[in-house]
Amino acid sequence: MRRLGATIVVMAVVAFVVFSLLYLTPGDPAAILAGDAATDDDIRRIRAKLGLDEPFFVRFGGWVWALLHGDLGTSIFTNLPVTRLIGQRIEPTVALTMCTLVISIAIAVPLGVIAAAKVGTWVDRAVMAFSVLGFSVPVFVLAYVLIGTFSITLEWLPVQGYRPLRDGVWEWFRHLVLPSTALGTVYIALIARITRASMLDVLSQDYVRTAQAKGLSSRAVLLRHALKNAAVPIVTVIGIGIALLIGGAIVTETVFAIPGIGRLTVDAILRRDYPIIQGVILLFSGVYVLVNLAVDMSYMYFDPRIRY
Amino acid sequence: MAMTAAAALPKSGSPVWRRFRESLRRHPTAIVGGVVLLLMILIAIFAPWLGSIDPQAVAPIRRLKPPSAEFWFGSDMLGRDVYSRVLYGARVSLAVGIAVAVLSTLLGLAIGLVTGFVRWLDAIVMRVMDGLMSIPPVLLAIALIALTRASVENVIAAITLAEVPRVVRLVRSLVLTLREQPYVEAAVAAGTTLPRILVRHILPNTMAPLLVQATYVCASAMITEAILSFIGAGTPPNIPSWGNIMAEARSLFQIAGYLILFPGIFLSLTVLAVNLLGDGMRDALDPRLARRM
């Protein structure tokens, strides 16, 4: 319950920050949002729409009230409700991030476990080298390398685009393989590294030696005894890494022309459509906070000593 | 965990520095990283004298020429020399990376030191930091850039704001352990003033982990700058940066892949160099961690 309270406080801070950015930035936000070619009328219209003429707390109160009723405001450019715009674009983004999440965890955790089990060998060094590289190559550079190799040279996979799930699982998956790989690499690097470190920590503990001494197979020791005890840092970094995934998804959607929330955001930047950006930030931050709440809850399963 | 490294630092000739030098010898990758980074810094400084021409010089007649003896990295859709643009681009990436690392470390240090000692402030500041940390850094930077005009300074400010909470977290956790140390308690008991305790007793012991953290901040800031420029919310187009060279090539990558390849290689190499340097320093300063990470 206390954890839940903290979550609500964090969300309130996020809402306040996102809202007050409009006021903290120097200059007249309405004039900047309107762009260079705007007339005084445009600026006045945006001013009125954002409520910039009203006192700060009146406006903030109204905004939060609307927010609690599921209203994220309306887009300056299209005049459509932000919630509807996000709703239209959410499927590809959910598909991309979920696909990446599943693939990344399925690859990264075994990689980390193997590296820890074979610490100091070339397998270990290869995993660590991959991990440093994964941190260093930006997602869109990797994305273009993948497209160049698998789509243009080898012609195995489509270059760009997205197919909804209802068009068939195979087509859907074919269009997601490269984006998920590009997006997942930094995430895999992060999780593999922490998995390895956490496993090495646990493997030097007495109970692991006991398990080995009583003749359990090394596989059983690794998976049943060590991995479960090493899990808390691993799920923690999976939760924190969601932020990387979200930032990367925006870029990945741009490279692969996936019509998701990332594209919506990038278009909104070009049009300086702040209500959309505001809505997207709130949505993603909310997801981040909820995922990390779930992560905290999962500690109780992995380590029964932890109670909230 | 950073305590062991923090517990004993400076004074050259002390065992710490000898260990530092030994570890560097044992981590050749850190040296490679340092050399590559130095090379990039030299490239950034001497960009005008390395056989480059005006990176903004437009020449429609030689548009989209592939790499050749005349144009080492080819030319872009306006006929500008990509080699020159990539060299000048190093300035933006390195300036952003280093500026963000320095600024966010200083800011984070100041906030973290004070909140670690002043209890009533701690709760408030940490909730605000938790909130800031819940906003994915790229998105926070996007929001700030959308509200200001695109410029390198604004990019630096936006990324700094996104990175500060992580530094505050680190400094605060260091301070919370340090303040329980007997010598700090002794200083408190002797009636030393708070600013003096912070500067004399706490600050020196946060330096080693902060230095390591700063290199990671630098690496991540360079990637964030490239991402922002790539999606059109970063460095303005009239200043060549690795991110916006690639951004301009977005629709051309099927016919002119080299436009993405060269800035991409430079960016990845630089970030890799910074990361290797950071890993090496961390191992050198904290031998307990060296075996694990």
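Quick look at the values:
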| quantity | calculated |
| --- | --- |
| Candidate set from the stretch A:136-157 (those that are away from every other protein chain (no Cβ under 13 Å) and of a type outside the set (Phe, Trp, Tyr)); member that is surrounded by the fewest Cβ atoms within 10 Å (Cβ to Cβ) | A:154 |
| Condition check for residue B:215: in contact (Cβ under 8 Å) with a residue 60 or more places away in the chain and hydroxyl-bearing (Ser, Thr, Tyr) | yes |
| Helices (runs of 4 or more DSSP H) (entirely within the stretch A:32-135) containing at least 2 residues that are buried (at least 16 other Cβ atoms within 10 Å of the Cβ), in contact (Cβ under 8 Å) with a residue 40 or more places away in the chain and within 21 Å of the chain's Cα centre (by Cα) | A:82-117 |
| Residue B:267 more than 10 Å from chain A (Cβ to nearest Cβ), surrounded by 23 or more Cβ atoms within 10 Å (Cβ to Cβ), assigned to a helix (DSSP H, G or I) and under 15 Å from the mean Cα position of the chain (by Cα) | no |
| Output for the stretch B:145-164, where each listed residue is assigned to a helix (DSSP H, G or I) and either β-branched (Val, Ile, Thr) or crowded, with 24+ Cβ neighbours inside 10 Å (or both) | B:145, B:146, B:152, B:155, B:156, B:158, B:159, B:160, B:162, B:163, B:164 |
| Residue selected from the stretch B:188-230 under the condition of a type in the set (Ser, Thr, Tyr) and over 15 Å from residue B:178 (Cα atoms), by the criterion farthest from the other protein chains (Cβ to nearest Cβ) | B:192 |
| Enumeration of residues in the stretch B:220-257 that are of a type in the set (Ser, Thr, Tyr) and buried (at least 20 other Cβ atoms within 10 Å of the Cβ) | B:220, B:224, B:229, B:235, B:241 |
| Test: residue B:115 is open to solvent by less than 10 Å² (accessible area, probe 1.4 Å), within 30 Å of residue B:181 (Cβ to Cβ) and β-branched (Val, Ile, Thr) | yes |
| Number of the condition not met by residue A:265 [criteria: (1) among the hydroxyl-bearing types (Ser, Thr, Tyr); (2) surrounded by fewer than 23 Cβ atoms within 10 Å (Cβ to Cβ); (3) within 11 Å of chain B (Cβ to nearest Cβ)] | (2) |
| Top-ranked residue in the stretch A:199-222 [being free of Cβ contacts under 8 Å to residues at least 60 places away in the same chain and under 17 Å from residue A:112 (Cα atoms); ranked as most open to solvent (accessible area, probe 1.4 Å)] | A:219 |
| In the stretch A:161-172, residue nearest to the other protein chains (Cβ to nearest Cβ) [restricted to those that are touching a residue at least 40 places away in the same chain (Cβ under 8 Å) and open to solvent by less than 80 Å² (accessible area, probe 1.4 Å)] | A:161 |
| The stretch A:48-62 - residue that is within 15 Å of residue A:76 (Cβ to Cβ) and away from chain B (no Cβ under 14 Å) and, of those, modelled with the highest pLDDT | A:48 |
| In the stretch B:185-209, residue surrounded by the most Cβ atoms within 10 Å (Cβ to Cβ) [restricted to those that are farther than 30 Å from residue B:277 by Cβ and not small (Gly, Ala, Ser)] | B:197 |
| Lone unmet requirement of (1) within 21 Å of residue B:135 (Cα to Cα); (2) surrounded by fewer than 24 Cβ atoms within 10 Å (Cβ to Cβ); (3) within 11 Å of chain B (Cβ to nearest Cβ) for residue A:236 | (3) |
| Helices (runs of 4 or more DSSP H) enclosed by the stretch A:215-308 - at least 3 residues per element that are among the charged types (D, E, K, R) and more than 12 Å from the chain's Cα centre (by Cα) | none |
| Filter result for the condition that a residue is crowded, with 24+ Cβ neighbours inside 10 Å, in a helix (DSSP H, G or I) and under 21 Å from the mean Cα position of the chain (by Cα), over B:142, B:98 | B:142 |
| The stretch B:150-167 - residue that is touching a residue at least 40 places away in the same chain (Cβ under 8 Å) and among the charged types (D, E, K, R) and, of those, nearest to the other protein chains (Cβ to nearest Cβ) | B:166 |
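The values are calculated or read from the model by the stated rules, or taken from the named source; none is laboratory data. All values reported here derive from a predicted model rather than from experimental measurement. Positions of Cβ are generated from backbone atoms using ideal geometry, with glycine treated the same way; all protein chains shown enter the neighbour counts. Heads up: the accessible areas ignore ligands, DNA and RNA and are worked out on the full protein's heavy atoms, side chains in. Shrake-Rupley method; radii C 1.70, N 1.55, O 1.52, S 1.80 Å.
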